[in-house]
Each structure stands twice: as C-alpha cells, then as structure tokens.
Amino acid sequence: MIGDKDVDGKRSSRILNKKVSRRTALSTAGKIAITAVVAGAVAGVGGYLAGSSVAPKEVTVTETKTVTSTVGAPGKTVTTTVTAGEVTKTITQTQTVTKTVTAGATSTAPPLRFDGVKVTVAVLAGGPTGPISGPFYYYRDEIKSLTGMDIEVVELSFADLPIKIIADLSTGTGAYDGFVPCSNIMGDLVIPGYVHQLDKWIADPRFPNWHPEKWSYAVTQCSKWGGHWYGVPWDSDAWYFNWNMKYMDKVLRDKDKRREFKDRFGYELDPYGWYKRRELTWQKIRDMCEFFTGWDWNGDGEDDWGIIMGLRVGEQGPFWFIPFAAPFLVEYGPTVDRYHNIFWFDPETMEPLLKTEGMIEAAKLFKEIVTKFMDPVGFTFTFADMWDYFLNKEKAMFCWAAPDTATLVGNPEKSKMRGYLASIACPGSEVYYSLAEGRMVEKINIVGNAAGCSWHGWVSTLSKNPEAMYWVFAYLSTPEKLVKEISSSKIFWTGVDPGGCSLQILKDYGGEATLEDFNLPGNFVDPGYPTALYNEGDLRRFHIAAYNNWFAADAIQHYLRLPGGTAMFTSMDTHIIGEM
C-alpha cells in the first residue's frame, strides 16, 4: 500500500535504491543512407574497435614516474635504539628515501602561463548563461587571471557546428583552436588527423588534472580512439525514462484505476516494482502510455497524454530512437565483438544492422507509441518545448529524454514538479534479436545507452596555441569546476550533465560526491530554489539511474563515431523521425 510518504520522494528513493546487476518498419529503416560512409568506416575500424570492452575499469592514462631524492643531506639519518636482554645499542643509519610522483596529480611544478595568447573555441550557441556555451563565458576572466590567456567564444547552431568545424579543418583555415561538438563527429576528426592526441598533456603535471581514470567506458568511447585520448570528457549524455510521481502515485492509490489497468492489459500496474525487479520494458511502457492517454488525470479540465518527446526534424530527433532500439538488438558480452555490444554495423563486413528483425520490431513499436500516445505537437518540439510540456504544464505522464530533465525539474521558473520526478535508467525489451544465434529471443534485455551528443573538448592540429586550448578544456573538467559547479549547474543551467564520471555520483550509489556538493543538508530537507537547484529526492533518483546506466548496465549501446557519423545522423533524422 502506498502511504502519504510517497509524495515526498522517500518511498521512491527506497524502492529505486537498488543498483542494476552487472550482468520503424522495414521500409523506413531501409531508407537510411549508409553506403557513402562504409569505405571510411572500414578504413578506421581498427581504431573504432581497438581496445573496446563493455565495462572494464579504465586503466589510468597518467604516467607514474619514480624520482629518487634524499631528504636531508646527503641522506636521512635515522637513529634506532635496540634493547636485547640487558644490552642496549644505538644504531645510526643513513637512508635514501624514494618518492613516487604521479604525473597529472597535485603537482609542485610551476603553473603554465599563456600571457598574450588568445584561443578561439567553437561551441553550441546558448549564450553567455546558456547550455554548453555558458561556462566558457563564465570562467573566461578567471582563466585569464590564472594563465594570462584570452578566450574568444564562437557560437554556432546545432546544424552549423559540425559543418563549420569540418570546413575550417579541411580547408586549413584554422579559425578555431578548439571546439566542443556533438560526439558523432569523432571519426571525421580523428581519422584525418584534424585533432591532437592528448596523452602527452594528460601525463604532464603542469596541466590541470581532470582524472581520466574516473570516467566510465561508455563515456570515454566518445573521446578515445585506439586506446588514446583525443577529446576531454565533459558532458555525459544518455536518455532516461521519467514520470510524474505526483500523478502516478495518485493513480496507484486509486483501486478503481488499478483495476481498470489490469482489466485492460491483463496485469497489475506496478512501475516502481518493475524497475526494482528489472522488468520495466518498452512493451509495458507502451501499455502505460495508452492507459494515460485520453483522460484528465492532472485535473486541468483537458485530456492528457501518455508520453512526450522532442522530435522536430533538424534538431536531435534520432537520439530518441537510438537508445529506444538498443535493447531490441544489443546483446551482452564481456567485450565488443562481432555479436555483442554492437548496434550499428557488423564490424567484420560493415554491413548495417538496421534491417535486422530486432531493429524492425523496435521501429514498429516506437512508431506506435509516438503516433498514438504522444501529443502530435511533439513532432514540432525542441528540447525546451518538450521540457515545458512535461515539467511545467504536466500534460504527459512520461518523458523520454536527456538528463537535463533532472536538472531543470528543480527550477520553479521551468517546472511544477520539484520533488516528484522519477528518473529511470535503461528500459528493456521483452524480445531481442541475437546476432550470435540469428533469431529473435524472448527474454528481457536491458542495455545502457550513451545517446546524445556528450559535448567534449577537442584541440585542432591547426591551432597555434594547442597547449593553451587543452589547458582550458582540462581546467573546465577538473572536479573543482566540473563536479562542484558546472555539471551540478550551481552557476546556471549549463547543459553539461553529470553521470559518466564517478566523481559526480553520490557516494551512496557508487560514486564520490556528497549532498553538500549540491547545497543539500540531507534527511530530505529541501532548502528550496535557488539555494539548492535539486530536491534531494529528485537528485537521489537521478543518481541511481545514472549509476545504473553508466557503470552497472549489462550491455552498452556502442556510440556512432565512425567517419560519416554526422551525415548518418542527418539521414536518420530525415528518414526515420521525419517519416513518422
């Protein structure tokens, strides 16, 4: 039975506080234009898959240098008094003390200065206090005081950002020292040699230490190629399933509504229990979306909808479909190989997997959900429109979206749902296509995802000041900046999402962060906005979901990062999302 404590978030924190164990149609899918990029993909496939594994602990890329030094001169004198029976001896020894210094850790090396240097960085247009671009404005003066360098910020639209970056690099113009693009451009940056390999700077103690070893494999696949770092991780995008606990719990307390659901679909409505037992699937979500469509469950006098997404063509629509489809195709395995943790291509033949039965099944179900149980305005929505519809207007019970949902829910200017957001990782599928067996398998399959752009910093090989540009990216990814200010959105909503770095996750759920990092006193006491951007219940539920997705999912959907990835994304936007 659900009592009064349900609505303050405590019940759901308990029931969701269990980590996951480690362990649309053919005609539409067939229209994806992939032929043009296969040759480039084959050329780069060695780096694309080299060293890939599902969820191993990352081997730190910092170098350990052992330096022998004497403490004192010429050595350290140690006097030891030894008593044996009635005889006491005093022994004086000179010892050489060995110190081990880890490059990239706290260093006594003199700080780097870049006086008179100006670096230009191309970023997603968000304004001085907006997502992605905002932190570069916010820390510009601070960085100048520390290093002497100036930063010029060039804002570009989502559509223009990859085009202008590649044009700048391919023509040799060199207008940008660095850039923060969508990660699906990775293959087009690394294979032609357009960006610097970063290993040498990561190992240099003069640069800020952003702790590469703390990032999960699923995120680092967006920054590493062939075992080497090329980008500095910053953002941790993944798609999460959310619902409005205020109205969901109201329905769960209504025996008549629960009976109606069971009579209609043949089983009990139990979303919290499904998640806890690893039984929350897109097939069940489809039924819940139907159930919550077409009646006034929020009491505003108008019929409401089951789900909302932001599927405007020309934006980021494919990111809604890609992680949705992952559990219909991706199968668990300890490494990335021909049959396991693969989503896009057969890595031996580079044949696309978009025509497999699993992908077809996913496309059919996705189309049914968005055309029957989503308000049609969702096909015109940007991210901002979608969040307003879900968080502020509360017109849809469910939202399938990027992690910013959990960041924005606490802001009363954008949300009426503070304290009532359920954040869920990795909805599964009750059937999936096994590449190893060549058939559909009836079994719940849960797959983590890295959907979204995961905006990371890259240093152009055309830059005249590459070390200065790397210093900026490294500084903005240090724990002091990324964890305590940027990804926690203490300064403003930055669009840089937490999750993929263990430093960002609460200690209670496998990470290293504390409630204090989020200005929260604990015990579910809510100091309110703007003192605390997050309600503690919302924060805890999201961190459980983030840990489950990034660090504990059975399998991981491989990121699209081969040459031509941006073109493929645009084609998916046109031929899958655009034809729904």
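The values are calculated or read from the model by the stated rules, or taken from the named source; none is laboratory data. Fair warning: this is a prediction, and the values are worked out from it, not measured in the lab. All Cβ positions, glycine included, derive from the backbone under ideal geometry; neighbour counts span all protein chains shown.
Within segment 438-455, residues that are buried (at least 17 other Cβ atoms within 10 Å of the Cβ) sit with their Cβ atoms under 6 Å from residues that are modelled with pLDDT under 95 and polar (S, T, N, Q), at 6+ positions apart or across chains, in these pairs: V447/Q557; N449/Q557. Among the residues of segment 138-181 satisfying the criterion of being hydroxyl-bearing (S, T, Y) and surrounded by 14 or more Cβ atoms within 10 Å (Cβ to Cβ), which is nearest to F473 (Cα to Cα)? Checking each candidate, the answer is Y139.
Can you name the residue in segment 533-563 that is of a type in the set (A, V, I, L, M, F, W, C) and closer than 12 Å to V409 by Cα and is also nearest to the chain's Cα centre (by Cα) among such residues? Going through the qualifying residues, I end up with F542.
For every residue, the table says whether it meets (1) in contact with a Leu (Cβ under 8 Å, 6 or more places away or on another chain); (2) assigned to a helix (DSSP H, G or I); (3) under 24 Å from T129 (Cα atoms).
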residue: D508; (1), (2), (3): no, yes, no
residue: D517; (1), (2), (3): no, yes, yes
residue: P521; (1), (2), (3): yes, no, no
residue: V525; (1), (2), (3): no, no, no
residue: T531; (1), (2), (3): no, no, yes
residue: D538; (1), (2), (3): yes, yes, yes
residue: R541; (1), (2), (3): yes, yes, no
residue: I544; (1), (2), (3): yes, yes, no
residue: N548; (1), (2), (3): no, yes, no
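Do we have A384 as small (G, A, S) and buried (at least 21 other Cβ atoms within 10 Å of the Cβ) here? No. In segment 367-391, which residues are assigned to a helix (DSSP H, G or I), under 30 Å from W493 (Cα atoms), within 26 Å of the chain's Cα centre (by Cα) and of a type outside the set (A, V, I, L, M)? Those that are assigned to a helix (DSSP H, G or I), under 30 Å from W493 (Cα atoms), within 26 Å of the chain's Cα centre (by Cα) and of a type outside the set (A, V, I, L, M): G378, F379, T380, F383, D385, W387, D388, Y389, F390. Please specify each residue of segment 191-239 satisfying the condition of being in a helix (DSSP H, G or I), over 21 Å from the mean Cα position of the chain (by Cα) and β-branched (V, I, T). Within segment 191-239, I202 is the sole residue that qualifies.
For segment 421-455, a residue qualifies if it is of a type in the set (A, V, I, L, M) and not in a strand (DSSP E or B), and the qualifying residues are A425, L435, A436, I446, A450, A451.
Given the criteria surrounded by fewer than 18 Cβ atoms within 10 Å (Cβ to Cβ) and either of a type outside the set (F, W, Y) or not in a strand (DSSP E or B) (or both), does T405 qualify? For T405, the condition - surrounded by fewer than 18 Cβ atoms within 10 Å (Cβ to Cβ) and either of a type outside the set (F, W, Y) or not in a strand (DSSP E or B) (or both) - is not met. If you filter segment 509-532 down to residues that are more than 19 Å from E413 (Cβ to Cβ) and hydrophobic (A, V, I, L, M, F, W, C), you find that the one that is surrounded by the fewest Cβ atoms within 10 Å (Cβ to Cβ) is V525.
Every listed requirement among (1) within 17 Å of S429 (Cα to Cα); (2) in a loop (DSSP other than H, G, I, E, B) is met by T349 save one, (1).
Every condition in (1) in a loop (DSSP other than H, G, I, E, B); (2) crowded, with 24+ Cβ neighbours inside 10 Å holds for R418 except the one numbered (2). Among the residues of segment 392-402, those identified as in a strand (DSSP E or B) and either surrounded by fewer than 19 Cβ atoms within 10 Å (Cβ to Cβ) or within 16 Å of the chain's Cα centre (by Cα) (or both) are W400, A401.
Look at (1) at pLDDT 95 or above; (2) under 25 Å from V447 (Cβ atoms) and you find that M350 fails only one, number (1).
Taking segment 175-190 as the range and being outside any helix (DSSP H, G or I) and within 26 Å of K214 (Cα to Cα) as the test, the residues that pass are G178, F179, V180, P181, C182.
Looking at segment 248-308, the helices (runs of 4 or more DSSP H) lying wholly inside it that each contain 3 or more residues that are farther than 25 Å from W320 by Cα sit at 255-265. The set of residues in segment 354-374 that are surrounded by fewer than 18 Cβ atoms within 10 Å (Cβ to Cβ) and at pLDDT 95 or above comprises E357, K364, K367, E368, T371, K372. Only one of the numbered conditions (1) at pLDDT 95 or above; (2) part of a helix (DSSP H, G or I); (3) not aromatic (F, W, Y) is not met by G172, and that is (2). Just one of the listed residues (W493, W458, W471) is in a helix (DSSP H, G or I), over 29 Å from I285 (Cα atoms) and touching a helix residue (DSSP H, G or I) at 6+ places or on another chain (Cβ under 7 Å), namely W471. Contact annotation: residue pairs with Cβ atoms under 9 Å, 6 or more positions apart or on different chains, pairing a residue in segment 145-167 that is over 17 Å from W455 (Cβ atoms) with a partner that is surrounded by fewer than 17 Cβ atoms within 10 Å (Cβ to Cβ) and of a type in the set (V, I, T), are A167/T173.
One line per residue, one yes/no per condition, for (1) under 30 Å from F383 (Cα atoms); (2) of a type in the set (A, V, I, L, M):
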{"site": "R113", "(1), (2)": "no, no"}
{"site": "G126", "(1), (2)": "yes, no"}
{"site": "P131", "(1), (2)": "yes, no"}
{"site": "G148", "(1), (2)": "no, no"}
{"site": "V154", "(1), (2)": "yes, yes"}
{"site": "P162", "(1), (2)": "yes, no"}
{"site": "T171", "(1), (2)": "no, no"}
{"site": "F179", "(1), (2)": "yes, no"}
{"site": "Y194", "(1), (2)": "no, no"}
